[in-house]
Structures are given as structure tokens and as C-alpha cells.
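Written below as C-alpha cells is the structure these notes are about.
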Amino acid sequence: MSKKGVKKKFAVILVAAIICFSLSMNSVQAQDVVTGTATATVLTALAVIAAQSLVFGNIYQGVAVTIGNNINASSGIFNILGQASAGIAISFTLPEYIALANGSDRMTIGFSSTDATVDSNNTTPAGVVGGDGWVNTNPNNLPAATVIGSAGQTNVYLGGRVYPAVDQTAGAYSGDIILTVAYTGS
């Protein structure tokens with residue numbers, strides 16, 4: 001091979017090497033880094049208020065008394081405050097009896113399958129209609145698909161029945177009704 005041919009071959013190899021080096025530099029220079037952001041918004045906390053006790057009033061020995069969940073002055077009323085339209089799970093822990101303060105006597109209390117109403121439109125116990133929520137439902141098995149009303153509040157109204165014995169001790173009886181509420185994330 002002539003000197004000219006070697007020089008030409010060398011020049012071609014040199015140009016190819018420069019092109020390869022250039023391409024490899026471009027791929028390194030084409031890299032980039034970006035930083036993203038994680039965000040979250042904590043919604044309104046739940047608040048549950050026992051606004052009104054379930055009131056049976058004055059009763060007689062041996063005479064059972066029933067209070068409906070639609071009696072404005074006597075139904076148990078619970079207010080649930082939170083994020084409007086958020087899904088919630090609600091459940092009661094209901095007593096089997098109510099007792100005198102000193103614990104010396106107890107009276108049976110019961111709840112039927114129609115003793116609770118869940119009201120997302122915040123009316124009154126007597127004013128609730130079918131479209132307001134869950135009317136006349138079982139307090140021991142409240143609906144799973146419950147939401148807080150559009151105004152940020154849902155009410156639960158509770159009725160029940162007491163069964164005083166014929167020899168029930170006179171006095172004021174009471175017992176705890178517990179309503180548990182939690183967001184479901186829906």
C-alpha cells in the first residue's frame with residue numbers, strides 16, 4: 001500500500017473515531033434529571049356528638065315503653081361532622097340493659113330491626129323521608145355505604161324499647177350507647 005493509501009486509511013479511521021467519540025459524548029450530554037413532588041391533603045377530621053339521649057321518660061313497673069327513631073323530643077340523636085360526601089362506616093354498641101346509678105337494679109332495653117335512621121340531609125327525626133338516607137334500619141347492622149351529607153353533617157336517630165319488671169326498683173336508669181364512626185376512604 002502506498003503512503004497515500006495509508007494516509008487515506010488513517011484519515012478514515014480517525015474520522016470514524018472522532019464520530020464515535022462525538023456520538024458517545026452526545027448520549028452522555030442527553031441525560032437529564034428532574035425532581036417530582038408528592039402531595040396530599042388531609043381532609044376534615046371526624047367529630048361525633050351525642051346531641052340528644054334516647055329518652056323513655058316516666059314509665060310504670062311491668063309496662064314496656066317504645067320510643068321510635070322519629071320522635072323529635074325523645075329519639076337518640078347523634079351528629080356526625082366531617083368532610084362532605086366522604087364515605088363513612090358507622091356502628092353502634094348497644095346496651096342490653098340500663099341500670100340505676102348505684103348499680104343495684106337493671107332494666108332490659110332492646111332495639112328492633114327498624115330502630116335507626118341515618119339522615120344525610122339533616123332534617124329532624126320526624127322529618128326524615130326515604131331520600132334523606134337510610135330510614136328505619138337495623139341499629140345492629142347499619143348500612144355500609146353511608147356518606148356524610150353535602151353540608152358536612154349526617155345525623156343518626158335511634159329508638160328502642162325498655163322492659164321494666166313488675167317489681168322494678170323506682171329510680172333513674174341509664175346506660176351507654178356508643179356510636180363509632182370512621183372514614184372508609186371512598
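Taking the Cβ of PRO125 as the centre, find all other residues whose Cβ is under 13 Å away and add up their charges (Lys, Arg: +1; Asp, Glu: -1).
Counting the neighbours of PRO125, the net charge comes to -3.
What is the sum of charges, Lys and Arg at +1 and Asp and Glu at -1, for the other residues whose Cβ falls under 15 Å from the Cβ of GLU96?
Net charge around GLU96: -1.
Using a cut-off of 13 Å between beta-carbons, work out the net charge of the residues near LEU142 (Lys and Arg +1, Asp and Glu -1, LEU142 not included).
-2
At each listed q (0.13, 0.21, 0.23 Å⁻¹), what is the log10 of I(q)/I(0) that the Debye formula gives for segment 89-178 modelled as equal alpha-carbon point scatterers?
-0.52, -0.95, -1.06
Computed from the coordinates by the stated procedures, all read-outs in this text should not be read as laboratory data. Bear in mind that the values here come from a model prediction, so they are computed numbers and not experimental data. Here the Cβ is made from the backbone with ideal geometry for all residues, glycine too, and neighbour counts use every protein chain on show.
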